[in-house]
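Following: one structure in C-alpha cells, then a few remarks.
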Amino acid sequence: MTAPDIESLRRKTGHPDQLYGTRVVRIIDGPGDGIRAVQVWNAAGLRLEVLLDRGFDIHRVEHNGRPLHWVGPPGLRSRFAYEPQGWGWLRNFHGGLLVTCGLEHVLLPYDRKTPEYNFAVDKLDHFGLHGRVANESGELLRRELIEGGDEPRILLKGEVIQASLYSENLCLRREIEVPLFEPVIRITDVVTNRGFAKTHHEYLYHINLGYPLVDAGSTVHLATGGAPRMLTVTEPQPNFAEQVSGHQLAIDREGLALAAVWNERAGFGLELRYSAATLPYFFTWYMMGEGPYVIGLEPATVDRPTIRDPTTMSYLAPGESARYEARFTVLEEPPSG
C-alpha cells in the first residue's frame with residue numbers, strides 16, 4: 001500500500017485502529033494462561049503478536065490473512081512450563097516467527113565450569129538446549145504510534161533480563177518497528193553485560209516458517225554471492241529426520257545477508273535480511289516431517305563445534321554490548337537476491 005497523507009486518512013476513519021494500531025492483551029485460558037502480548041496491525045495487511053512473557057519474541061505473523069509462521073506441537077505455553085535441563089526446551093517450543101536463543105548459550109545441551117564468576121564452590125553449570133532467554137519475561141518500555149516524519153510506523157521497545165547470583169547478568173534491549181504502510185518488520189537488539197565479570201555470550205535467531213508459505217514446491221533462496229543456492233520443499237514425509245546445514249551467505253553493501261522463502265504457486269514469500277557482521281554464521285533447519293513441517297532460518301554468532309573449547313568462546317566484558325539487526329519483508333514477487 002502506498003503511504004497516503006495521514007491527515008487525509010483521518011477524514012475517512014473514525015479511529016486509527018481501523019487501519020493500524022497496537023493492543024496489549026493477556027491470554028486467560030489454556031497452557032498459555034497469563035502470557036502478556038502486544039498485538040500489532042498495519043494498513044499493509046500485516047498482523048503480528050509480540051510475546052512480552054516469552055522473551056519479547058514474535059509469535060503469530062499474518063499477511064492478508066495468510067500465516068507466515070509455524071506453530072510447534074506444544075502450542076503456545078507459559079514460561080512456567082519451561083524445563084531448563086537437557087532437551088527440555090523442546091517441550092515449551094511454541095514455534096512462531098521468531099524465537100531468540102541465548103543469551104549465554106544457543107546450541108546443544110552441555111555442562112561447563114564457570115570460574116569467571118568467582119563462586120566459592122567449584123560448580124558445574126548445566127546449559128540446556130538453545131539457552132534460557134526465550135522463556136524469560138520481558139518488560140514493555142515503550143509502545144508508540146508514530147504518524148509523523150518520513151516514515152510513519154509502530155514502535156515497540158522492551159527489555160529482557162537473564163541473570164543469577166554467581167552467574168551471568170545480561171540484558172536484552174529489543175526494538176520492533178513496523179511501518180504503517182509496508183509489510184515489513186524491523187528488529188534491533190542490543191545485549192549488554194550488566195555484571196562485573198566477563199560473561200560468555202552467544203546469540204541465534206530461530207526463525208520458523210510454516211504452511212501455507214511452506215508447501216510442496218516452495219523454495220528457499222540463499223544469497224551466496226554467485227548464483228543463489230536453492231532448497232526445494234517437498235510434501236510432508238513420514239519418519240523424516242531433520243536436516244540442519246550451515247551456509248556461507250554473501251554480504252551486501254549495507255552489511256546484510258539475505259535469505260528468503262518463496263511459494264510460487266501462492267505468489268507470496270518472506271525475505272530475511274540480517275546483520276552479518278555480528279551474526280556471521282547461518283543455518284537452515286529443513287524439517288519435512290508430518291506435523292513438524294517447517295523451514296527454519298537461523299543466523300547465529302557461533303558455528304557448530306563438536307567439542308566446546310572455552311578458549312574459543314566469545315565473551316562480553318563488563319559493560320560491553322553486542323548489537324544485532326534483522327528485517328523481514330513480505331514478498332509479492334520472487335526474491336531477486
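In the set (1) over 21 Å from Arg327 (Cα atoms); (2) in a loop (DSSP other than H, G, I, E, B); (3) not polar (S, T, N, Q), the condition left unmet by Glu151 is number (1).
Among the residues of the stretch 165-188, some residue qualifies, meaning at least one is on the phi > 0 side of the Ramachandran plot, at pLDDT below 95 and not small (Gly, Ala, Ser). The number of residues in the stretch 111-148 being touching a strand residue (DSSP E or B) at 6+ places or on another chain (Cβ under 8 Å) and loosely packed, with under 14 Cβ neighbours inside 10 Å comes to 11. Among the residues that make up the stretch 69-88, is at least one of them closer than 29 Å to Leu141 by Cα, small (Gly, Ala, Ser), touching a residue at least 60 places away in the same chain (Cβ under 8 Å) and touching a helix residue (DSSP H, G or I) at 6+ places or on another chain (Cβ under 7 Å)? Looking for residues that are closer than 29 Å to Leu141 by Cα, small (Gly, Ala, Ser), touching a residue at least 60 places away in the same chain (Cβ under 8 Å) and touching a helix residue (DSSP H, G or I) at 6+ places or on another chain (Cβ under 7 Å), one finds none in the stretch 69-88, hence no.
Of these, Val190, Val220, Val261, Val184, which one is more than 16 Å from the chain's Cα centre (by Cα) and either in contact (Cβ under 8 Å) with a residue 40 or more places away in the chain or under 16 Å from Phe328 (Cα atoms) (or both)? None of the others qualify; the one that does is Val220.
Results for (1) farther than 24 Å from Val38 by Cβ; (2) in contact with a strand residue (DSSP E or B) (Cβ under 6 Å, 6 or more places away or on another chain); (3) not in a strand (DSSP E or B), shown as yes or no for each residue.
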site: Ile161; (1), (2), (3): no, yes, no
site: Tyr166; (1), (2), (3): yes, no, yes
site: Val190; (1), (2), (3): no, yes, no
site: Gly195; (1), (2), (3): yes, yes, yes
site: Gly217; (1), (2), (3): yes, no, yes
site: Leu231; (1), (2), (3): yes, yes, no
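With respect to the conditions (1) surrounded by 18 or more Cβ atoms within 10 Å (Cβ to Cβ); (2) farther than 30 Å from Ile295 by Cβ; (3) touching a helix residue (DSSP H, G or I) at 6+ places or on another chain (Cβ under 6 Å), Asn92 falls short on a single one, namely (2).
The values are calculated or read from the model by the stated rules, or taken from the named source; none is laboratory data. These numbers come from a predicted model, not from an experiment. When we count neighbours, we look across all protein chains shown, and the Cβ atoms used for this are built from the backbone with ideal geometry, even at glycine.
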